[in-house]
Amino acid sequence: MSIHPFSGTGVAIVTPFLDNGDIDITALGKLIEHLINGKVDYLVALGTTGETATLSFEEKATVLSLVNTFNNGRVRLVAGIGGNDTRAVVQGLTSFDLTGYSAILSVGPYYNKPNNEGIFQHYKAINDAAPLPVIMYNVPGRTGSNINTQTTLRIAKECKNIIATKEASGNMEQIMQIIKEKPAGFEVISGDDALTLPLIACGAIGVISVIANAYPRQFSQMVNLCLQGKFSEARPLHEKMIPAIQSIFAEGSPSGVKAYLNEMGIVKYNFRLPIVGISDDLRVKIRSIIQSL
């Protein structure tokens, strides 16, 4: 049986910033070395964790280029290209230089709150225009719209360039139904660090992770054990990571995971508004979790 190109651990990488708010090129290179040395399977640039909503087109193009350069062909790369204006997303698909990238991650349209027919038509337009395979991304907690089971399966069956869904709905019944009824060639990827173990047990092929920015080796090890069916060995690693996972989302992401990366000396503790830093109490808790791990 062939291994799916996006099985295992993908990482939705943060975008490091300098004190003046510009992209921190040196820290981005340092982060990518940290992740590749941690044995992750692929990197996702310009996801939600990368504060992409606050980057200009030129900055997005710069990040895509830098990630490709720093990676230097070592692991697969996925480019986040999504939005709530279908025409603009389609234009982006053909405007960005995707040299070195193997796929596109495209989040469900946010804010507009389209019905599921609108969501289907959005992804059909992306399917028809994308120069690379597409991973759709369902995260209703951020977009305000759930891509329901029926629509996901319709996209999977009718849009052959869309090869997977990153599922972050938290709805286990919905996700299990998608896994059960999906066509061959379409896969489910966990979009929720805390649910990765049970989702792989149900048939997901891996995760696009946030916590793996900080703990790539430990989280990848847990995922690999799950994919090998060694859940009794994976469970202690999963349970050990839960406090860290809970802490990075306690006061918003990516401020939580950037606190970890700052404590580890990898990136500066800088953000783009409206993202701000976490409370002093949570930072103290994170320092304690780092020591325990």
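Just a few scattered comments:
- Selection of the range 118-140 for residues being part of a helix (DSSP H, G or I) and in contact with a Ser or Thr (Cβ under 8 Å, 6 or more places away or on another chain) yields ILE119, PHE120, GLN121, HIS122, TYR123, ALA125, ILE126, ALA129, PRO140.
- Residue ID - farthest from ASN71 (Cα to Cα), chosen from residues in the range 36-54 that are among the hydrophobic types (A, V, I, L, M, F, W, C) and under 14 Å from the mean Cα position of the chain (by Cα): LEU46
- Residue that is farthest from VAL139 (Cα to Cα) [pool: residues in the range 175-204 that are of a type outside the set (Gly, Ala, Ser), over 14 Å from the mean Cα position of the chain (by Cα) and part of a loop (DSSP other than H, G, I, E, B)]: PRO183
- Lone qualifier among LEU55, LEU93 - being of a type in the set (A, V, I, L, M, F, W, C) and under 22 Å from PHE6 (Cβ atoms): LEU93
- Looking only at the range 268-280, residues that are more than 23 Å from the chain's Cα centre (by Cα) and loosely packed, with under 10 Cβ neighbours inside 10 Å come to 1 in all.
- From the options TYR101, TYR111, TYR42, residue that is modelled with pLDDT under 95 and either surrounded by fewer than 16 Cβ atoms within 10 Å (Cβ to Cβ) or of a type in the set (Ser, Thr, Tyr) (or both): TYR111
- Hey, ARG74 out of contact with any strand residue (DSSP E or B) (no Cβ under 7 Å at 6 or more places or on another chain) and under 28 Å from GLN221 (Cβ atoms) or not: yes
The values are calculated or read from the model by the stated rules, or taken from the named source; none is laboratory data. Because the structure is a prediction, the values reported are computed rather than measured. Counting neighbours? That spans all protein chains shown, and the Cβs are built from the backbone with ideal geometry, glycine included.
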